[in-house]
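What follows is one structure encoded as C-alpha cells, with my remarks underneath.
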Amino acid sequence: MNPNRLLIIDDDAQIAEIYARVGQEAGFGTRIAPSAAEFRRQLQEWLPSIVLVDLRMPGTDGVELLRLCARERPPAKFIIASGLDHRVVDAAGRLARSFGLDVIGAMVKPVRIADLLALLQTHLAGEATTAGELEAAIAAQHIVGYWQPKLSVGTRAVVGAEVLARWRHPAHGMLMPDHFIPLAESGELIQRLTWSIVERSLAQHAEWAADGLVLPFAVNLSARCLTDLDLPDRLVDMCNRHGVPPERLTLEITESAAMRNQIESADILTRLRIKGIHLSIDDFGTGYSSLAQLQRLPFSELKIDKSFVMPMMQSHDCAVIVRTVIGMAQNLGLRAVAEGVETEECLALLADWGCDEMQGYLFSRALAPEDVPAFMAARA
Ligand code: G
Ligand code: G
Ligand code: MN
C-alpha cells in the first residue's frame, strides 16, 4: 500500500474532489469521507498519513471532530482548511495542537493549489529516516548549509545571510530541515549537526572573505545546544581557527530554548555576547519566544516570524502585529528583521515602519554556497 494516504473531509464535494486531485499529483493515495462517521472509521482503519479537514463539514463542526480524533491518537498529520477568516482558522489550528494533534498547516480558502501541493510534497514520507542514516549523512558532509541573504530595508544592500541546513540526499534529492531536524533534536545528533554547519560556514566565510566578499552570517541553534557550558569557548576557538572575528557570527535561538534551563542558558548566552557573538531571537511571536525572554537575555536582533509578515497585506491583524513588534524592537535597541518578505508592497510598509533588515523570496531563497558569489556580484 502507498505509505502516503490523504483523507479528505469537506462539506463541498467539488472542492474535496479538487483536493483529491492535488493529493494524487503529490503522490498520495486519496479518499474522501462523505460524513463525520465515515471519516472516523477511515481514520482508524485506513490509517491516513495526512488528513485534510474543513472546519465546516457534514453534520458536525471541525473542532468537535478534531477533539474526537485526538482521543484516538492517530499517527496522521492534519491540515485544516476553511472558508472562515484566518483568525478562526489559526485558532482552530492552535486548539488542535493543544489536543495533541500534529497540525502541519492551517489554510484559508480559497486554498491555492500550488500551496497545498507544496505542503503535501514536503510531507511525503519516503522510508523513514533513521538516526543512523542521519549520522552517516553528517559524517559524509551531505548536510549542507544554504545561504539566504539578509538585506538592509533602507539600502537593499545584502548585509548578511542565514545559513539553513539542507540534506543533499544521494537517492532522494534535496531534503528540507523538517525531514531531519526533529530527528536530530530528539537525540544528541543535533550537536554534531550544528557543529558541522558552524564549522563549514566559518570555513566558507573565510574563503569568501579572502576574495573580498565579507558576508556575516547567522546559524540556527537548538535548545539542546544551550546546555553545553563550553559552547562560548568552543565557538570562539573555532572562529579563531578560521580567522573569523566572532562579531561576524550570529546565533538564532529558535525555540523555547532559553527557557528550559534558565540559569544555564542565561550564563551561556551572556558569555557569547561578551565574546562578541550576536544573538537573535528567532520566530518572534509564535509562542516559542516571549517578552520575558527578550527582557532577560542579551539579544541584539529580533526576527519577526514569517507567519505574520507573509499575510500582512491581507490581514490587518498581522500588519498591526508586525508594526508593533518593529516599534518594540526599536525601543529596546534591537535590530528588527522581517522574514518572509515576498512582495514590494510588503517591503514598502516595512520601510515606513522602520524595520532594519529583511529576508525573503522577493530577493532570494536560500542559495547553494556555490551560487552565492554570483548572486552577490549581480547585486553589487
Ligand atoms: O528553509 P527552511 O525550511 O530551511 O528552514 C526551516 C527551519 O528549520 C528553520 O526555521 C530553522 O528553525 C530550522 N533549521 C534550518 N537549519 C537549521 C540548522 O542548521 N540547525 C537547526 N537547529 N535548525 C535549523
Ligand atoms: O529559522 P527560521 O524559521 O526563521 O527559518 C526561516 C524559514 O523561512 C526558512 O524555512 C526559509 O526557507 C523560510 N523563508 C524565508 N523567506 C521566505 C519567504 O519569503 N517565503 C516563504 N514562504 N518562506 C521563507
Ligand atoms: Mn532562523
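The values are calculated or read from the model by the stated rules, or taken from the named source; none is laboratory data. Here the structure is a predicted model, which means the values were calculated and not measured. All Cβ positions, glycine included, derive from the backbone under ideal geometry; neighbour counts span all protein chains shown. What goes into the accessible areas is simple: the full protein's heavy atoms, side chains included, and nothing from ligands, DNA or RNA. Shrake-Rupley method; radii C 1.70, N 1.55, O 1.52, S 1.80 Å.
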* If you scan region 336-354, which residues turn out to be over 20 Å from the mean Cα position of the chain (by Cα) and open to solvent by 10 Å² or more (accessible area, probe 1.4 Å)? -> Glu344, Glu345, Ala348, Leu349, Ala351, Asp352, Trp353, Gly354
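Which one is nearest to Gln293 (Cα to Cα), of the residues in region 244-264 that are assigned to a helix (DSSP H, G or I) and either among the acidic types (Asp, Glu) or modelled with pLDDT of 95 or more (or both)? Walk me through it before giving the result.
Just the residues of region 244-264 that are assigned to a helix (DSSP H, G or I), to begin with: 246-248, 257-260, 262-264.
Narrowing further to those that are either among the acidic types (Asp, Glu) or modelled with pLDDT of 95 or more (or both): 246-248, 264.
On the way: Pro246: 23, Glu247: 22, Arg248: 23, Glu264: 14 Å.
Of everything passing the filter in region 244-264, Glu264 is nearest to Gln293 (Cα to Cα).
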* **Enumeration of residues in region 185-236 that are away from ligand 2 (no atom under 14 Å from the Cβ) and in contact (Cβ under 8 Å) with a residue 60 or more places away in the chain** => Gln204, Trp208, Asp211, Leu213, Leu215
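From Leu84, Leu120, Leu52, grab the single residue that is open to solvent by less than 40 Å² (accessible area, probe 1.4 Å), hydrophobic (A, V, I, L, M, F, W, C) and not in a strand (DSSP E or B).
Leu120
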* **Unique residue being closer than 25 Å to Ala366 by Cα and outside any loop (DSSP other than H, G, I, E, B) when the list is Asp283, Asp267, Asp237, Asp233** => Asp283
* Answer yes or no: is there a residue in region 211-220 that is surrounded by 14 or more Cβ atoms within 10 Å (Cβ to Cβ) and in a helix (DSSP H, G or I). => no
* **Cβ-Cβ under 6 Å pairs, at least 6 apart or on other chains, region 310-322 side closer than 19 Å to Val337 by Cα and open to solvent by 20 Å² or more (accessible area, probe 1.4 Å), far side part of a loop (DSSP other than H, G, I, E, B) and at pLDDT 95 or above** => Met310/Gly340
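Looking only at region 144-179, count every residue that is of a type in the set (Asp, Glu), touching a residue at least 60 places away in the same chain (Cβ under 8 Å) and either more than 16 Å from Glu252 (Cβ to Cβ) or in contact with a Pro (Cβ under 7 Å, 6 or more places away or on another chain) (or both) and tell me the total.
Restricting attention to region 144-179, the residues satisfying the condition of being of a type in the set (Asp, Glu) are 162, 178.
Okay, now just the ones that are also touching a residue at least 60 places away in the same chain (Cβ under 8 Å), so 162.
Now narrow it down to the ones that are either more than 16 Å from Glu252 (Cβ to Cβ) or in contact with a Pro (Cβ under 7 Å, 6 or more places away or on another chain) (or both): none.
Final tally of qualifying residues: 0.
Does Phe284 count as open to solvent by less than 20 Å² (accessible area, probe 1.4 Å), within 15 Å of ligand 2 (Cβ to nearest atom) and touching a helix residue (DSSP H, G or I) at 6+ places or on another chain (Cβ under 8 Å)? Lay out the reasoning, then the answer.
Values: open to solvent by less than 20 Å² (accessible area, probe 1.4 Å): yes; within 15 Å of ligand 2 (Cβ to nearest atom): yes; touching a helix residue (DSSP H, G or I) at 6+ places or on another chain (Cβ under 8 Å): yes.
Criteria met by Phe284.
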* Asked: Yes or no: Glu64 acidic (Asp, Glu), within 17 Å of Asp11 (Cα to Cα) and open to solvent by 60 Å² or more (accessible area, probe 1.4 Å)?
  -> yes
* When region 290-304 is examined, which residues are found to be within 11 Å of ligand 2 (Cβ to nearest atom) and either open to solvent by 70 Å² or more (accessible area, probe 1.4 Å) or touching a helix residue (DSSP H, G or I) at 6+ places or on another chain (Cβ under 9 Å) (or both)? -> Ile304
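For Ile113, state whether it is open to solvent by 50 Å² or more (accessible area, probe 1.4 Å) and either under 29 Å from Arg71 (Cα atoms) or outside the structural domain of Trp208 (by TED's automatic domain parsing) (or both). Before you say what the answer is, go through the steps one by one.
On the way: open to solvent by 50 Å² or more (accessible area, probe 1.4 Å): yes; either under 29 Å from Arg71 (Cα atoms) or outside the structural domain of Trp208 (by TED's automatic domain parsing) (or both): yes.
So Ile113 fits the description; yes.
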* How many residues, within region 8-28, are open to solvent by less than 20 Å² (accessible area, probe 1.4 Å) and more than 26 Å from the chain's Cα centre (by Cα)? -> 4
* Asked: When region 123-136 is examined, which residues are found to be without any contact (Cβ under 8 Å) to a residue 40 or more places away in the chain and within 14 Å of Leu193 (Cα to Cα)?
  -> Gly132, Glu133, Ala136
* Looking at region 300-380, what helices (runs of 4 or more DSSP H) fall wholly within it and have at least 1 residues that are assigned by TED's automatic domain parsing to the domain that holds Met176 and within 24 Å of Tyr146 (Cβ to Cβ)? -> 306-309, 344-352, 372-379
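With the condition kept exactly as written, say whether any residue in region 225-245 is open to solvent by 20 Å² or more (accessible area, probe 1.4 Å) and within 16 Å of ligand 3 (Cβ to nearest atom). Don't jump to the end; show me each part of the working.
Residues of region 225-245 open to solvent by 20 Å² or more (accessible area, probe 1.4 Å): 227-230, 233-234, 236-237, 240-243, 245.
This time we only want the ones that are within 16 Å of ligand 3 (Cβ to nearest atom), so: none.
No, every residue in region 225-245 fails to be open to solvent by 20 Å² or more (accessible area, probe 1.4 Å) and within 16 Å of ligand 3 (Cβ to nearest atom).
Tally the residues that are among the charged types (D, E, K, R) and within 16 Å of ligand 1 (Cβ to nearest atom), restricting the search to region 262-286.
If we filter region 262-286 for residues that are among the charged types (D, E, K, R), which is where we start, we get 264, 267, 271, 273, 275, 282-283.
Next, from what is left, pick out any that are within 16 Å of ligand 1 (Cβ to nearest atom): 282-283.
Number of matching residues: 2.
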* Failed criterion for Asp90 (all others in (1) open to solvent by 30 Å² or more (accessible area, probe 1.4 Å); (2) in a helix (DSSP H, G or I); (3) out of contact with any strand residue (DSSP E or B) (no Cβ under 7 Å at 6 or more places or on another chain) hold) -> (3)
